[in-house]
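The values are calculated or read from the model by the stated rules, or taken from the named source; none is laboratory data. Since the model is a prediction, treat every value here as computed from it, not as a measurement. Here the Cβ is made from the backbone with ideal geometry for all residues, glycine too, and neighbour counts use every protein chain on show. Just so you know, the surface numbers come from the protein's heavy atoms only, side chains and all, with ligands and any DNA or RNA stripped out. Shrake-Rupley method; radii C 1.70, N 1.55, O 1.52, S 1.80 Å.
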Amino acid sequence: MTNFNRRQFGLMFGAGAAALALPTYLRAQGKPRVVVIGGGAGGATAARYIAKDSKGEIDVTLIDASEKFTTCFFSNLYLGGFRDFDSITHGYERLQSNYGINKITAFAKSVDKASKMVILADGSSVPYDRLVVSPGIDLIYDSVEGYSEEAAEIAPHAWKAGPQTQLLKAKLDAVKDGEQIVMVAPPNPYRCPPGPYERVSMMAHMLKAKGHTNSKIIILDPKEKFSKQGLFQEGWAKYYPGMVEWYGPDVHGGIKSVDAASGTVETDLDTFTGALLNVIPAQKAGMIAAKAGLTNDSGFCPIDAATMRSDNDENIFVIGDASIAGAMPKSGFSANSQAKVAAMIIRSELTDSKAFPAKYANTCWSLIETNDGVKVGAQYEPKDGKIASTSTFVSQTGEEDSVRKATYEESEGWYKGITADMFG
Amino acid sequence: MQIEATAPISAILLFLSSMTVGAQEVDPIRGEKLFKACSNCHEVGEGAKNKVGPHLDGVFGRTAGSIDGFKYSSALKRAGEEGLTWSAESIDAYIEKPRDFVKGNRMSYRGMEKAQDRSDLVAWLERISLNSPSADINAESTSEVVGFAAAVLEMDGDPDYGEYLSGDCVTCHQISGQADGIPSIIGLPKEYFVRSLFEYKTNVRQNEVMKNRVVNLSNEEIAALAAYFTGIQPQ
């Protein structure tokens, strides 16, 4: 059968899916096994590419604690009213039915590297020949004094998409004209470098759309500069005059503590109070990465730039936000790109398929106001043991409206593209 | 009414300027300008060829999805089989909201909101597609691009390598051939595919994302990508 089309291909795997419903120990006899932890931009892509390209030769299991995945990317557009929540939430059904991937909805508790097993929360184990770890980030709540997981129920971080995003949206919608929003921005390195500033844009858009132009958004930033700063500041001045104020450390002098209940942030300069307080704390690799012994002192996972293989274990690959990927930012696009390199290497090791030199890419689009999108991106290759950029680009200030509109439309096309690439 | 008589079809335009749609006059000169949004994908005029989209010569009265050799979406073909033909009215309705007009079609265009814009564009298209072409609407590749492309077209690209490299493309360009704001790149003529990449590299086409990708591709890699993508059939 050399000439099957994609639909037949899907049907073949559909038939295979029934066989895969057997208990773990009965199936995959002799087949190499890949287990992927984390069903986001990195993990879902890795699982899909390994299953798709190995054409059934590799048994692929995807472990994620959630039934559905809400993308962090475009969650700001949900805040701004450009997207509904369902449109940024995706299921794993097609990965199962069309690619024969075994999805386990469970929390991965630890990894027994010696016996090559992932241990689930219920104590059961899932054996692997190669493991892909793509858990995204965990928040270091106490990096901001006074902040905690409990405080996040009042002052949401919304830096993992899901209920937190909906909570932030509800609180944003409740802000009255003249009331203030205070954001505590995260220190480097963190997920989605332009994300906090796109979020401010979307919150300002929402306020302005309701005529709440007496409201103000204060950003208290531990960083001296931020991604696409010139573009965002130009946009804020143009669309939201007097509504957005950004304070770097040379102005506020240091963020001392927050109090979620009263909505206050203490800095060296002053005490800031908001009807809505959005605290985005420092970040580290998702918990399983540390439990599996894959992190270093930075809290993230060192990897080999040519393969995404963990420096700490030859059978484990770490991709996405949890990895230390040199010049690549922590983004969904980066994770998707890294997943394809890891998938290609893993296949070559398990099925002798051809391996090619690693190439990586990233583009981050941000929306500033209706039909005003900006982008930044780069290509990357391994160089001297690190992932280094080979060329970069960024939108320019003062661009024509038509260019910005085209950039926004391109971002919508990308969203369709990457989610199709992740979930089939 | 003043007409800038620089276009070779100015005589027709003078005639058209008295036409009206509803209460408003149609302005084919505006229509020609508006066509720039279409011309990345569609050629029209003498010798027009299929590009990302089918050529538009003689489109009025044509059955939808009927040009031999163009790989249409099954949705558009089916619409044609069910009797859809292109007229001023159907083209107007199509370009207003392409996604809604024929569900599942692959035209990567969000739609032209204003009725006046559509009237102007259709009025111009109707004349240009039936009559002698305007000289400047089929901006051919530069000789530099043709030269670059020729070197690649002589090569036998490795489709397996192309498949790996395609990972970088399909994050945006859907492998299914679906297009939602970013064009489909599967099943295109090889020459067109290769030239397009060099057009991004040399700023004939302007898109920083594409340029940034292409400047990092060797000729061997472009040949590999062409071998892979041109071999995929839309479903």
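A few comments on the model shown:
- No other residue among A:V394, A:V403 is outside the structural domain of A:D304 (by TED's automatic domain parsing) and either among the charged types (D, E, K, R) or touching a residue at least 60 places away in the same chain (Cβ under 8 Å) (or both) apart from A:V394.
- Residue within segment A:163-180 that is open to solvent by 60 Å² or more (accessible area, probe 1.4 Å), more than 22 Å from A:V244 (Cα to Cα) and assigned by TED's automatic domain parsing to the domain that holds A:A261 present: yes
- Going through (1) on the phi > 0 side of the Ramachandran plot; (2) at pLDDT 95 or above; (3) of a type outside the set (V, I, T) one by one, B:G177 falls short only on (2).
Residue-by-condition table, conditions (1) over 16 Å from A:D421 (Cα atoms); (2) touching a helix residue (DSSP H, G or I) at 6+ places or on another chain (Cβ under 6 Å); (3) open to solvent by 10 Å² or more (accessible area, probe 1.4 Å):
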position	(1), (2), (3)
A:G43	no, no, no
A:A47	no, no, no
A:I50	no, yes, no
A:K55	yes, no, yes
A:V60	yes, yes, no
A:S66	yes, no, yes
A:T71	no, yes, no
A:G80	yes, yes, no
A:D86	yes, no, yes
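- 1 or more residues more than 14 Å from every other protein chain (Cβ to nearest Cβ) and surrounded by fewer than 20 Cβ atoms within 10 Å (Cβ to Cβ): qualifying helices (runs of 4 or more DSSP H) within segment B:167-233: B:190-201, B:219-229
- Members of segment A:304-333 that are surrounded by 23 or more Cβ atoms within 10 Å (Cβ to Cβ) and either modelled with pLDDT under 95 or assigned to a strand (DSSP E or B) (or both): A:S310, A:I316, A:F317, A:V318, A:S323, A:K330
- Just so you know, in segment A:384-405 the residues that are touching a strand residue (DSSP E or B) at 6+ places or on another chain (Cβ under 8 Å) and under 30 Å from A:R48 (Cα atoms) include one that is farthest from the other protein chains (Cβ to nearest Cβ), and it is A:I387.
- For A:A361: the one exception among (1) open to solvent by less than 10 Å² (accessible area, probe 1.4 Å); (2) part of a helix (DSSP H, G or I); (3) touching an Asp or Glu at 6+ places or on another chain (Cβ under 9 Å); (4) within 14 Å of chain B (Cβ to nearest Cβ): (2)
- When residues of segment A:404-424 are limited to those that are of a type in the set (D, E, K, R) and over 15 Å from B:Q206 (Cβ atoms), the one most open to solvent (accessible area, probe 1.4 Å): A:K416
- Residues that are part of a strand (DSSP E or B) and farther than 25 Å from A:D138 by Cβ, drawn from segment A:238-265: A:V244, A:E245, A:W246, A:Y247, A:T264
- Residue within segment A:338-350 that is in the same structural domain as A:K52 (by TED's automatic domain parsing), in contact with a Gly (Cβ under 7 Å, 6 or more places away or on another chain) and open to solvent by 10 Å² or more (accessible area, probe 1.4 Å) present: yes
- One residue from A:M206, A:M183 being of a type outside the set (F, W, Y) and assigned to a helix (DSSP H, G or I): A:M206
- A:E150 falls short on exactly one of the conditions (1) within 17 Å of A:S66 (Cβ to Cβ); (2) assigned by TED's automatic domain parsing to the domain that holds A:D221, and that condition is (1).
- Only residues that are more than 15 Å from A:G178 (Cβ to Cβ), out of contact with any Asp or Glu (no Cβ under 9 Å at 6 or more places or on another chain) and part of a strand (DSSP E or B) were counted in segment A:269-281, giving 3.
- Total residues in segment B:56-67 satisfying the condition of being closer than 20 Å to B:G104 by Cα and open to solvent by 40 Å² or more (accessible area, probe 1.4 Å): the figure is 2.
- The residue of segment B:73-111 that is surrounded by the fewest Cβ atoms within 10 Å (Cβ to Cβ), among those that are closer than 16 Å to B:P54 by Cβ and in contact (Cβ under 8 Å) with a residue 60 or more places away in the chain, is B:S74.
- Of all residues in segment A:290-303, those being assigned to a loop (DSSP other than H, G, I, E, B) and either in contact (Cβ under 8 Å) with a residue 12 or more places away in the chain or within 15 Å of A:G136 (Cα to Cα) (or both) number 8.
- Residue in segment B:80-101 that is of a type in the set (A, V, I, L, M) and under 18 Å from B:Q178 (Cα atoms) present: yes
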